[in-house]
Amino acid sequence: MPSLNKLIFSMLLSAIVCGKIYAAVAYVRMRGENRKHLHWLIADAVGIGYIIGYLLLEKNPTFPPKEGFEWLFYFAIIAIISSTFWDSSRKQRLITQFIYSVAIPRILLDNSYFRHDWGVMEGMIWWVCLALGIFTVWNIVEQSFSALPSGASVAFVYFGLSGATALVLALTSTLRLAQHAGIVAALFGAIWFVTLVLKRVVKNVSESDWHILPLSLSPIVVFLLVGIWMNGYFFNYVPSICVLLLAVAPIFALVGGIQVIQRLGDRKSLFVQIGLIVLCVGVAVVIAVMRSGLFGQSTNY
């Protein structure tokens, strides 16, 4: 398992690379240059940052992968390629989402559960349920991008979600997989920090113009987080309730569209959105703490 020093270095370098690419694209956009064709670089910043972190942690990628987490490297590459055409049309995006949602469970679980543990009928039921679950989570992620009022709030939510995922994994399963979630958290933390800095540097920009995290970022988010959650549940005994709470947490961003919440004003509405997400994620962390046995006898879920 990689050392703590190697983990810190990989997180730091990944965050720096991601932050610099994001800062360049965001600055050009905020200076009034309407270059939406560059927005896919924001998604690529996260994907490239993760690949750098993966290589620093694991050195050479294995092909074909022997362990589930080794697929994360190739998932990041597929997501980077997908981000270049993700904003082309809604129909193409939905078809691609469906294909990926069907493929991800088969790729991750084919050599273990599908071939050795599940029968034909049981395997089909799991496959359908997992594909529908991934497709649903994917659409929740995309809707949360527009439901939250700014790029900073989106980055903060996924920084917290990735960080909580790392904590849950560290408490209940394996530190190695938790380190990969930590890399993802560092990337979103960098985007959040850079956005806050640019808000102070670039003047006369409306709040709505800071909502620049594109839909093309969603393949990176889904491939990495879903890949980590599935690895945690199927191969590292993470409690199913923890995985479920983490996966559905972004849905609470959508409460900002409820009229009653909208009447509270932008600031209070954002507080409610993030508060509910934090509550959902917090419950997952508490369950992980109880499961870990840190305070005595562990509780199974």
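The values are calculated or read from the model by the stated rules, or taken from the named source; none is laboratory data. Here the structure is a predicted model, which is why all the values come from computation and not from measurement. With ligands, DNA and RNA removed, areas are computed over all heavy atoms of the protein, side chains included. Shrake-Rupley method; radii C 1.70, N 1.55, O 1.52, S 1.80 Å.
Filter the stretch 211-225 down to the residues that are open to solvent by 10 Å² or more (accessible area, probe 1.4 Å) and in a helix (DSSP H, G or I) and list them by number.
Of everything in the stretch 211-225, just one residue is open to solvent by 10 Å² or more (accessible area, probe 1.4 Å) and in a helix (DSSP H, G or I), namely L215.
When the stretch 261-288 is examined, which residues are found to be of a type in the set (V, I, T) and more than 18 Å from the chain's Cα centre (by Cα)?
Correct list: I261, V272, V283, V286, I287.
Take residues that are of a type in the set (F, W, Y), open to solvent by 70 Å² or more (accessible area, probe 1.4 Å) and closer than 23 Å to N236 by Cα and tell me which of the helices (runs of 4 or more DSSP H) falling wholly in the stretch 59-163 contain 1 or more.
Answer list for the stretch 59-163: 120-147.
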